[in-house]
Amino acid sequence: MAGIDDLIAEQEQIFLRRQPRSTELIALAGEHLAGGATSNWQIAEPQAVWMSHGSASKVYDVDGTEYVDMHGGYGASIAGHAHPEIVAAVSDRVRRGTHFAQPTEDAIWIAGELSRRFDLPLWRFANSGTEATMDAVHLARSLTGRDLIIKVEGCYHGHHDSVQVSVLPEADEVGPRSAPTPVPGNSGIPSAIRDLVVVVPFNDPEAVARALAEHRGNIAAMILEPVMMNAGIIPPADGYLAAIRDLVHADGALLIYDEVKTGFTTGPGGITARSGVTPDIVCLAKALGGGIAVAAIGGTHAVMSLIADGRYEQVGTFNGNPLAMAATRATLSEVLTAENYAHLDALSTRLREALEFTIVEHGFDWHVVTVGAKGCVAFRRERVTEFRDFLDIDARLGHLHWLMQHNGGVFLPPWGKVEQWLLSVQHTRDDVDRFAANFARFAGAVAGVGP
């Protein structure tokens, strides 16, 4: 597909012509902001998009251009932008003080609601998904007295040392599938950390059984995304989650779900509720706060008693921050309702069917994968069941799709091979129809260049 490169070059020029102010701000930012942005994930090709504001289902860049927002802040903005209930809750809280480093009453209601939704009795709060998974790993090691963890190849669980292993390794780094090589997920990760992580493929309970047998009595926990979302969207095979739960429990280890991405985007109680397989610890963040930074860790009485009796100190100056608690309570009580989940399901079905029609029309062998409010297109003949399947996908198609959506007025995450779109409760049929129309133009352009 040599013509794909030409299409990308053409779309990148359109992209740049639309964003002169972003170009100016990137030049200014380079003087004092490392890399010219506030996170490496904001740096994209051909350049980062600098935003001005958002309203309902739309965002606006610094050049004043309107986009349907299906980026969703990497899965955080399920409420859309400036949702009236969240605006009211946060505005009221701001006027009454935003930080005390002491609990406020909203925390009690939220913990009870999370317990109801995720069937885990005890909760604590943190500020990011990274903090939540860090506490989860620490709790598992503290309870079991063991050091090793099992981690799924290709899963991302934040940027703390314990889980920065085999996040997005390259094909020439991964080693044999039967015994994946632990690969550092970033620079600055000591080899001693990699020695504490046993890497297994997703959707392979036999690999988990082998890992447990090889390290009998030394595994503290297995951590995974119950629907893998660091490589497009990879659902668990039937029976997989129950099988690994039983395996780790038989060895005295714990099961940790990282539901930072899936926790509310896939339904009111995430994959925990959808699957009926409850882990020992669940980690939440992103959509939980309706756009305000907050995270939560839920666990069984056995796990969370470590916190209650002081054997594990789960701490943080901003844990349970009153502003975050106000936003979270409004999100759970007024935004993530049964009516709004029905709305999201209807929009997701409408979009999926439109994309599938276009794919069939052009004779492509791509797959649309949706779960709740999230979705992606896998540009591959065979369905993706684990990370190594994902490595075969041509990243250029994802990048071209991102560019054509952007230039057509739909804002998506810039890493088109990895990330997913997110629907919000404020999206409309017109919004998803615009996405579908852009996708049809993209498919037509790809079809035009031939094999």
Taking interchain pairs and intrachain pairs at least six residues apart, which have beta carbon atoms under 6 angstrom, with the first residue in the range 64-82 and closer than 23 Å to Asn127 by Cβ and the second open to solvent by 20 Å² or more (accessible area, probe 1.4 Å) and small (Gly, Ala, Ser)?
-> Ser77/Gly291; Gly80/Ala56; His81/Gly54; His81/Ser55; Ala82/Ser55
Identify all residues within the range 416-430 that are without any contact (Cβ under 8 Å) to a residue 40 or more places away in the chain and either assigned to a strand (DSSP E or B) or not small (Gly, Ala, Ser) (or both); write none if there are none.
-> Asp430
Looking across the range 278-289 at residues that are in a loop (DSSP other than H, G, I, E, B) and open to solvent by less than 10 Å² (accessible area, probe 1.4 Å), the single one that is nearest to Gly158 (Cα to Cα) is Ala285
Selection count where residues are of a type in the set (Gly, Ala, Ser), under 20 Å from the mean Cα position of the chain (by Cα) and open to solvent by less than 40 Å² (accessible area, probe 1.4 Å), scope the range 377-414 = 2
Of all strands (runs of 3 or more DSSP E) fully inside the range 1-73, the set with 3 or more residues that are under 24 Å from Ala395 (Cβ atoms) and in contact with a strand residue (DSSP E or B) (Cβ under 9 Å, 6 or more places away or on another chain) is 66-69
For residues in the range 336-371 being among the aromatic types (Phe, Trp, Tyr) and touching a residue at least 24 places away in the same chain (Cβ under 8 Å), which is farthest from Lys417 (Cα to Cα)?
-> Tyr341
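Conditions (1) of a type in the set (Gly, Ala, Ser); (2) in the same structural domain as Arg146 (by the TED database); (3) closer than 18 Å to Asp147 by Cα; (4) touching a residue at least 24 places away in the same chain (Cβ under 8 Å), marked per residue:
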{"site": "Val167", "(1), (2), (3), (4)": "no, yes, no, yes"}
{"site": "Asp172", "(1), (2), (3), (4)": "no, yes, no, no"}
{"site": "Pro176", "(1), (2), (3), (4)": "no, yes, no, no"}
{"site": "Pro201", "(1), (2), (3), (4)": "no, yes, no, yes"}
{"site": "Pro205", "(1), (2), (3), (4)": "no, yes, no, yes"}
{"site": "Ile223", "(1), (2), (3), (4)": "no, yes, yes, yes"}
{"site": "Phe264", "(1), (2), (3), (4)": "no, yes, no, yes"}
{"site": "Pro268", "(1), (2), (3), (4)": "no, yes, no, yes"}
{"site": "Val282", "(1), (2), (3), (4)": "no, yes, no, yes"}
Answer with yes or no whether Val410 is at pLDDT 95 or above, under 30 Å from Pro84 (Cα atoms) and touching a strand residue (DSSP E or B) at 6+ places or on another chain (Cβ under 6 Å).
-> yes
Inspect the range 415-422 for any residue being open to solvent by 10 Å² or more (accessible area, probe 1.4 Å) and touching a Pro at 6+ places or on another chain (Cβ under 6 Å) and give the result as yes or no.
-> yes
Would you mind telling me which numbered condition in (1) surrounded by fewer than 22 Cβ atoms within 10 Å (Cβ to Cβ); (2) part of a strand (DSSP E or B); (3) not polar (S, T, N, Q) His159 fails?
-> (2)
With respect to the numbered conditions (1) buried (at least 20 other Cβ atoms within 10 Å of the Cβ); (2) among the β-branched types (Val, Ile, Thr); (3) out of contact with any His (no Cβ under 7 Å at 6 or more places or on another chain); (4) more than 20 Å from Ala296 (Cα to Cα), which one is the sole condition not fulfilled by Val137?
-> (4)
If we keep just the residues of the range 5-64 that are at positive phi and modelled with pLDDT of 95 or more, which is least open to solvent (accessible area, probe 1.4 Å)?
-> Ala56
When every residue in the range 291-318 that is touching a Lys or Arg at 6+ places or on another chain (Cβ under 7 Å) and surrounded by fewer than 22 Cβ atoms within 10 Å (Cβ to Cβ) is compared, the one nearest to His138 (Cα to Cα) is Gln314
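The values are calculated or read from the model by the stated rules, or taken from the named source; none is laboratory data. Everything quoted here is computed from the prediction, not taken from an experiment. Positions of Cβ are generated from backbone atoms using ideal geometry, with glycine treated the same way; all protein chains shown enter the neighbour counts. Just the protein is used for accessible areas: all its heavy atoms, side chains included, with ligands, DNA and RNA removed. Shrake-Rupley method; radii C 1.70, N 1.55, O 1.52, S 1.80 Å.
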